[in-house]
Structure formats: structure tokens, C-alpha cells
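Presented below is the structure to which this report refers.
The values are calculated or read from the model by the stated rules, or taken from the named source; none is laboratory data. A quick note: this is a predicted structure, and the numbers were derived from the prediction, not measured. As a convention, Cβ positions derive from the backbone with ideal geometry for all residues, glycine included, and neighbour counts pool all protein chains shown.
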Amino acid sequence: MFFLSSKIFISISPTIFSENNLTINTFSEYNYSLFLINSEIILGKKDGKKKKFGMCPFSNSWIGMLQKPPTLLNPENIDTTNTIDVSSSQDKKTFQQTKSAEQKATTSKRWTLDDFEIGRPLGTGKFGRVYLAREKRTHFIVALKVLYKSQLHKAGVEHQLRREIEIQSHLRHPNILRLYGYFYDETRVYIILEYASNGELFKLLRENDKFDEKTAAKYIVKMCDAIAYCHSKHVIHRDIKPENILVGANGELKIADFGWSVHAPSSRRTTLCGTLDYLPPEMIEGHEHDESVDIWSLGVLLFEFLVGSPPFEAPNQRDTCQRIKEVDLKFPEFVSPLARDLIQRLLQHEPQKRMPLQEIRLHPWIVQQLGSLIA
């Protein structure tokens, strides 16, 4: 759907090209064709002639109050210095030019708050807020996390924050939220993050009550790939849960919040951390732990995807801990036998008995649900 009024512009359009984080949407109105390429609008006449499309300096997240739409829709009034030829619209090489905004916006530099336009709040956390923001020079859209130093100091988590920034900023995976950079002033720390426009997976799960098995399988495979990537970089996340997974504009999942993550190339850890419902037995029992804690979390996550609640919920924390230590799994009847089998293979009391990440996508339930999609 696409329409214009004197003051408002709204677009919901089919994706015609999507690869390597580059998404192109198309819609039309009056005598013009419009393309939304990532965060830029590209316009041109629908007369069948070869036309070049001028890039209009608006982000789709900021378009909303356009006082003079006809002026916007007139290519003659748009600076066409940086153009794309419609005849090469399927040329991936050409489309890659539009990604330069991200590269320019995230090039290493000393950032300040003056580099950004601040939009609406996206969420509130224990130490501050997250805002939608736009880098002024490139119009690149980001999420800007604002943390108060006084609260970080009071909680004694400055070292944890430094570790989170160090780890997440070096990770590059389509299912891991990018951390582009950070800066600070006298009272606050600002973290520049990738913007995932559909918010928390937790919200989506609550809206649907639970996911069907095909959706759950698709999500678990993506999470498995992201966690395997983390482990290849010697990173343990230690807090995988729906609240820490975000959903991008095209429904792609993004692991976020690396606050409890550690870089552990050789040592085993003993810190009790994470969220109780997702903690493995070795953490509850005070034993050392390693990367296999994330495999346990995958099992809990899959159960919650299919059932709508974590597997070891109880009226109080003591009972929850006891159920975790006993691996007291109780499945509703609607969970299929193959799905149960995979969950049981992930939720093994002994860490070394948990199914390796590389074998998860080969499990019969995954193959049954996704078939050729997992190739």
C-alpha cells in the first residue's frame, strides 16, 4: 500500500530484491515509480524511457511529515549527482553503491552527540534508554543506547560494559546485532547499534502465544548458526533468551545484548549469570561452565518457541532451580515426538552430552520442517 496526503507518507511494499543485507522495495503512485533501497528513496518517471533515479535525502524512518509531496515526487527538482540507472536495476554491483552510507557512517572516528538526530525512544533498560537516531552526514539509521555513568558505577558494571563493547563490536554475522561504535561525555555513555525495526522476539512470541513448528525450526537454525559463529570466535553469550533477540525489517533474527558474554579462549568459567529460566544445571550447582551453556539455552529457547513458556517454570525460584537440576521436562501433547527428541538432546544435564551445534541442523525434526531450506 502506498499513498500520499498533504502531510503524510506511508509505504508498505513488496520486496523485489534482498541479498547481503541490501533490500529493495518498489511501489508506485501517479506518473512515478519509487524504490526504497535500504534507507534511501529513489524516484523516477514511469514513461518507459531510460531514466536515472536521483537519491532523495530522506530516511524511511523519518518520512512522515512531508509538507509538499509534489515537489518530492518531481525528479527534476532532485539533485541527481549520485544516480542509479534503472536499466541495471538487477545488477548487484550497482546496488552495492547504496550501502556506502553504512560504511561512511560507521567509519572509525571520534563521535559526539552532535553527529546524530535523535528520534523516538525504542526502549528503557536498567541503566538508561535506547533511541532511534540518524547520523546527520549520511542519514544512516541506528539505535543509540544511552547509559548513565552514575548508574553504571553504582552497580559496579563498568568493566562488564567495556567487555560487552569489545566483544560485540568485533562480531560480524547476519544474525548478530552490529555494534558500530561508542562515545561518551561527562555523564553518559552512548553505544551506536544496528537498528532492528521489529523489536524484541519476545514481543512477537507473546503476540502469537507460540510459534508453529516450521517457524520455530527456522528460528532455531538461525540462532544455532549465530552461536556457532560466536563460539568460533571464543565468545560465550551466556544469556540467550527471546528478550535478547531482535527482529529486523525483513524478519531476520539478531542476537543482541552481550552484557553477560565472555571471551574465553581457554579458561572455564564459574560466574553465575544470565536469566534463571535459561540457566543450565552446572551454573545452578556452582560448577565450572563453558560454551555448552549456550547449547542448553538453545534447548530452552526451542521449548519456549513451541510451548510459549520456558520448560522449568515454577511458582518460586527455589522450585525452578530444582527442576533445572533434575532436568524435569514435561511436554504438552501438541509438541511432536521429533521436536521433543531434539529438545531432550539439547537439555542434557551433562554438558558434554549435549548435541553439538553443527549437528542440530541435521536433526530429523529440522530436516522434516525445513527440507532444502537448510542447505
(request) Could you identify the single residue in V142, V157 that is more than 24 Å from H263 (Cβ to Cβ) and aliphatic (A, V, I, L, M)? (result) V142
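Name the residue, out of R345, R340, R354, R323, that is in contact with a Phe, Trp or Tyr (Cβ under 7 Å, 6 or more places away or on another chain) and under 12 Å from L302 (Cβ atoms). First the steps, then the outcome.
Working: R345 fails: in contact with a Phe, Trp or Tyr (Cβ under 7 Å, 6 or more places away or on another chain); R354 fails: under 12 Å from L302 (Cβ atoms); R323 fails: under 12 Å from L302 (Cβ atoms).
The unique qualifying residue is R340.
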(request) Could you list all residues from segment 165-180 that are touching a Phe, Trp or Tyr at 6+ places or on another chain (Cβ under 6 Å) and crowded, with 19+ Cβ neighbours inside 10 Å? (result) I167, Q168
(request) Could you tell me which of the residues L362, L329, L338 is aliphatic (A, V, I, L, M) and in a helix (DSSP H, G or I)? (result) L338
(message) If I go through segment 132-148 residue by residue, how many of them are in contact with a helix residue (DSSP H, G or I) (Cβ under 8 Å, 6 or more places away or on another chain) and closer than 21 Å to E164 by Cβ?
(response) 2
(request) Name the one entry in Y190, Y219 that is closer than 19 Å to D239 by Cα, aromatic (F, W, Y) and surrounded by 19 or more Cβ atoms within 10 Å (Cβ to Cβ). (result) Y219
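Would it be correct to say that I227 is among the aliphatic types (A, V, I, L, M), in a loop (DSSP other than H, G, I, E, B) and in the same structural domain as I366 (by the TED database)? I'd like the intermediate steps shown before the answer.
Working: among the aliphatic types (A, V, I, L, M): yes; in a loop (DSSP other than H, G, I, E, B): no; in the same structural domain as I366 (by the TED database): yes.
So I227 fails the test.
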(request) Taking only segment 345-375 into account, find how many residues are over 17 Å from K214 (Cβ atoms) and surrounded by 15 or more Cβ atoms within 10 Å (Cβ to Cβ). (result) 9
(message) Suppose we filter segment 276-327 for residues that are at pLDDT below 95 and touching an Asp or Glu at 6+ places or on another chain (Cβ under 6 Å); how many remain?
(response) 1
(request) Kindly list, by first and then second residue, each pair from a residue in segment 144-165 that is closer than 17 Å to T112 by Cα and in contact (Cβ under 8 Å) with a residue 12 or more places away in the chain to a residue that is of a type in the set (V, I, T) and surrounded by 17 or more Cβ atoms within 10 Å (Cβ to Cβ), limited to pairs with Cβ atoms under 6 Å and residues at least 6 apart or on different chains. (result) K145/V130; K145/I191; L147/V189
(request) With the checklist (1) under 23 Å from V262 (Cα atoms); (2) in contact (Cβ under 8 Å) with a residue 60 or more places away in the chain in hand, flag the one item G308 doesn't pass. (result) (1)
(request) Give the residues of segment 231-255 that are touching a His at 6+ places or on another chain (Cβ under 7 Å) and not hydrophobic (A, V, I, L, M, F, W, C), sorted by residue number. (result) H234
(request) Tell me which residues, restricted to segment 330-344, are surrounded by fewer than 18 Cβ atoms within 10 Å (Cβ to Cβ) and either within 21 Å of T215 (Cβ to Cβ) or in contact (Cβ under 8 Å) with a residue 24 or more places away in the chain (or both). (result) F331, P332, E333, F334, V335, S336, P337, L338, R340, D341, Q344
(message) Condition first: in a strand (DSSP E or B) and hydrophobic (A, V, I, L, M, F, W, C). Now tell me which residues in segment 243-262 satisfy that.
(response) I245, L246, V247, L253, I255, V262
(message) So, E252, is that one at pLDDT below 95 and under 24 Å from A143 (Cβ atoms) or not?
(response) no
